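Student: I have a structure I would like to understand better, so I am pasting it below and will then ask my questions one at a time.
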Amino acid sequence: MSDSGNVISVRGLKKSYGSTQAVAGIDLSIAQGEIFALLGPNGAGKTTTVEILEGFRTRDSGDVSVLETDPAIKGAAGRIWRNRIGIVLQSTSDAGDLSVQETVAHFAKYYANPRSVDEVIESVGLTEKSTELIRTLSGGQRRRLDVALGIIGSPELLFLDEPTTGFDPEARRAFWALIKSLRDSGTTIVLTTHYLDEAEALADRVAVINHGQIVEVSTPALLGGRATSLATVSWLSESGPKSERTDNPTALIRKLTESYSGEIPELTVKRASLEDIYLEMIGGADEAE
Amino acid sequence: MKQNKVPSALTIGIARGGLEIKQFLRQRESVVFTLAFPIMLLGIFGSVFTNELTDGVTFSQYFVAGMIASGLVNTGFQQLAIMIPVERDFGTLKRLRGTPMPAASYFIGKVIVVFATMVIQVLLLLIAGIIFFGVNLPTSPAKWLTFTWLILLGSAASTSLGIAFSVIPKSGRGASAVVSPVVIVLQFFSGVFFVFTDLPAWMQQVAAIFPLKWMTQGMRSVFLPDSFAAREVAGTWETGRTFLIILAWFIAGLFISIRTFKWEQQK
C-alpha cells in the first residue's frame, strides 16, 4: 500500500460528517525528511485530513499509510506505531500543577527510546523555566512545552498544528531553527499553519487544500506560478506615487533610469508574496484567517 | 534499527498514579474538600446526634462507618466523573491518546490516586473519630480483613464507575451539576446520614440496587458489634453478598469504561 520512501501516502481519502463532505478525495505523498506544510482556510478539510493521519479520526474511504501503517490501527500494534510519531495539538491547557521538568520527564516514560529530558527542554528554550509550575508559563512558553512533549519520544514523524500561535517574533525564529534542525536529523514534519511566512520559511513543499480537495502541491517558491507571476514596480513620480505591473521589471527600470538623473525615488520591485498567491488560490472570498 | 519495545501498560500506569497523586496534593482546594469535608460532617453529625442507638453503639460510631463508605464514592466516583470531563475539555486526554500510553495505564493511574486518597481520608476520619467522638476501632483480625477488602474493592469499583459515568456530562463545567446530585441522593438513600433501617422500605429497596448501600453495610460490619447485625434488614451482615454485589458493579463499570470511554468531546 505504501510507496517506498514515502512516510505518508494517501490515495482517494474521503470523509463526511452527516451531509457535509469535509474531505472529498485527497491524494498526498510526503517523503522522509521533508517539512510539508498544509495550508487552507478554516473548514477546508485540513484538520480532518491531519487527524485521520494522526489516528484520531476514522475515514470513509481511501488508502492511508503512515510509516507503513494504517493509522486506524488499534491495540499493541497501535502503541508501537504511536511510539514512532509525535503530535503537537492545537491547544492543550492542562496539568498546571506540575513543573515543566516533571511533565516532560513523565511523558518520556511512555516511549521506547525517549530523548534526554534536559536536552529537549533546552531545545525548546525552557531551561530557565524547568522547575516552574506550568500555570506560571506564558502562552508562548506553554506552546513550547507542547512541542517538547511532541518530540520527547524521538519521533520519526512529527505533526505540528499551528505551532507558533502566541509566539513573539524572536521565539518564532528560535522555533523555526529547532524545526529545521529536527528535519536535518531526519525527522519528517507535517505542519499546518495559518502563517504564510512560516510556511515559506520552513516548508520544503506546501499543499493548499480548499473545499476538501488539494488545489496544488508545490514548493513555496513555485506555488501558483509565483516565480513567473507579474512583478509590481513602484516609485515616486513627480505627480505622486506610481506603480506598474509587468512581466519584465528590468526593462521598466532601465526605462525609468533614463528619465531620472540619479536615484529613482522610493523604488521597489515586489513579487507576489506566498500570501498573495494563496489568497488568489483559495478564491479570496473565503476567510483566510 | 531502533527497538520498539514500549514500556508495559502497568509500568506507565504506576507512573501515572504517582503523577496524579502529586497533582492532587498540589490542588489545595480539592485536598481540603476531599479530606477535610468528611471530618467536618462527622463533627456536625457527631455533635447533633449524641444519642446511643443501642447498647454501647453511639450514632458517631454508626456514622463513621457510613462516612468511610461514602468516602469511597466521593473520592472515586464523584471526583472522577467530574475531573475526567474537565481533562477532556482541556485536551489532556486527546494529547495522551496521541502517545503510546494505553487506556489501561490511564485507568490504573486513576485507581492508584483514588486508593491513595482513600487511605489518607480513612486515617484522618478514624483519628478525628477516636479523639473527638470516642469511636472504637475493631479488634478482631477478621474485621480488619473485611475492612481491607472493602477499601480495595470499593476503591476499584468506585473508580471504574466514575470513569464509566464520565461520558455523561457534556462539559467539564457542567459535570458537577450532573454528578453531585446523584451522589447526595445515594448517600441519603443508603443510610449514610440516617440509620438505614429507619428509612422507608421503598428507599431501602432502591438503595439496595446500588453499591453504596452495600459499602456502608460492610463498613458497619467492621465498626459495629456483631450483636448489631440483628438490626440490619436481613438480620445478618450479608458479607458474602456484599462482596459479590460490589464486585459485580466493579466489573460492570470496567466493561462500560472500556466500551464507551471518550478521549475527546464530540463536536
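Each reported figure results from applying straightforward, stated rules to the coordinates on display, with no laboratory input. Quick caveat: nothing in here was measured; it's all calculated off a predicted structure. Neighbour counts run over all protein chains shown; Cβ positions are idealised from the backbone, glycine included.
Student: Set the Förster distance to 45 Å, then compute FRET efficiency between B:Leu53 and B:Arg28 from the Cβ-Cβ distance, nearest 0.05.
Tutor: E(calc), rounded to 0.05, equals 0.75.
Student: Can you pull out the GluC sites (Glu not before Pro) in region A:126-219 that DSSP calls coil and that have at most 14 other Cβ atoms within 10 Å?
Tutor: Answer in residue order: A:Glu132.
Student: Between the helical axis of B:79-90 and the dominant principal axis of chain B, each derived from Cα atoms, what acute angle in degrees is found, rounded to the nearest 10?
Tutor: In chain B, helix B:79-90 runs at an angle near 20 degrees to the longest axis.
Student: Report, in listed order, any pair from A:Lys14/A:Lys74; A:Lys74/B:Lys94; A:Lys74/B:Lys22 with a Cα-Cα distance greater than 23 Å.
Tutor: Over 23 Å Cα-Cα: A:Lys74/B:Lys22.
Student: When a footprinting reagent is the concern and you count Cβ atoms within 10 Å, what order do B:Ser30, A:Ser239 take, fewest first? Can you show the working numbers first?
Tutor: Values: B:Ser30 17, A:Ser239 6.
Going from sparsest to densest Cβ surroundings: A:Ser239, B:Ser30.
Student: Roughly how far apart, in whole Å, are the Cα centres of region A:1-45 and region B:227-253?
Tutor: The two parts, judged by their Cα centres, are 56 Å apart.
Student: Something else about it: Can you tell me the dipole magnitude for region A:183-228 around its Cα centre, using point charges on the Cβ only (Lys, Arg +1; Asp, Glu -1), in Debye to the nearest 20?
Tutor: In debye, rounded to 20, region A:183-228 gives about 120.
Student: A further question follows. Starting from the Cα-Cα distance between A:Thr58 and A:Asp276, subtract it from 0.36 nm times their residue separation and give me the gain in nm to one decimal.
Tutor: Once the chain is fully extended between A:Thr58 and A:Asp276, it gains 75.1 nm.
Student: Can I ask one more? How many Cβ atoms of partner chains, on average, are near each residue of B:7-17 if near means within 10 Å of its Cβ?
Tutor: 2
Student: Something else now. Please give the FRET efficiency for B:Thr260 paired with A:Gln21, using the beta carbon to beta carbon distance and R0 = 25 Å, rounded to the nearest 0.05. Before the final figure, lay out the partial values.
Tutor: Numbers: r = 28 Å, r/R0 = 1.12.
So the FRET efficiency works out to roughly 0.35.
Student: Angle check, please: helix B:103-133 long axis (alpha carbons) against the longest principal axis of chain B (alpha carbons), in degrees 0 to 90, nearest 10.
Tutor: 30 degrees
Student: If the convex hull of the alpha-carbon atoms of chain A is projected onto planes in all directions, what is the mean projected area in square nanometres?
Tutor: Averaged projected hull area, Cα only: 19.2 nm².
Student: Considering only C-alpha atoms, what is the centroid distance from region B:109-168 to region A:82-113, in Å?
Tutor: Each part reduced to its Cα centre gives a spacing of 32 Å.
Student: Under 25 °C and 0.890 mPa s, how fast does the protein assembly as shown diffuse according to Stokes-Einstein, given a Kirkwood radius computed over C-alpha pairs? Answer in µm²/s, whole number.
Tutor: Details: Rh = 27.4 Å.
Translational diffusion coefficient: 90 µm²/s.
Student: Just how far, in whole angstrom, is region A:224-256 from region A:147-182 if you go by their alpha carbon centroids?
Tutor: 38 Å
Student: Can you sort B:Met215, A:Met281, B:Met101 from fewest to most other Cβ atoms within 10 Å of each residue's own Cβ?
Tutor: A:Met281, B:Met101, B:Met215
Student: From the convex hull of the Cα coordinates of region B:150-265, what is the mean projected area in square nanometres?
Tutor: Value for region B:150-265: 7.8 nm².
Student: Separate question: For chain A, return all DSSP H helices satisfying: extent of Cα atoms along own axis at least 18 Å; mean Kyte-Doolittle hydropathy at least -0.5.
Tutor: Working: long enough: A:139-151 (19 Å, -0.28); A:169-184 (22 Å, -0.46).
Helices passing the filter in chain A: A:139-151, A:169-184.
Student: In whole Å, what three semi-axes, largest first, describe the equivalent ellipsoid of region B:152-204 built from its Cα gyration tensor (square root of 5 times each eigenvalue)?
Tutor: 25, 15, 8
Student: What does the average come to when, for each residue of peptide A:66-74, you count the partner chain Cβ atoms lying within 10 Å of its Cβ?
Tutor: Numbers: counts 0, 0, 0, 0, 0, 0, 0, 0, 0.
For this peptide, the per-residue mean of nearby foreign Cβ atoms is 0.
Student: Another question, if that's okay. With springs connecting C-alpha atoms under 10 Å apart, model chain A as a Gaussian network and identify which of A:Ile73, A:Ile52, A:Ile209 has the largest mean-square fluctuation.
Tutor: Per the Cα network of chain A with a 10 Å cutoff, A:Ile73 tops the list.
Student: Okay, moving on. Would you tell me the mean number of C-beta atoms belonging to other protein chains that fall within 10 Å of each C-beta in A:101-113, as a whole number? Walk me through the intermediate numbers first.
Tutor: Values: counts 0, 3, 1, 0, 2, 6, 6, 1, 10, 12, 7, 7, 5.
Partner-chain Cβ atoms within 10 Å, mean over residues of A:101-113: 5.
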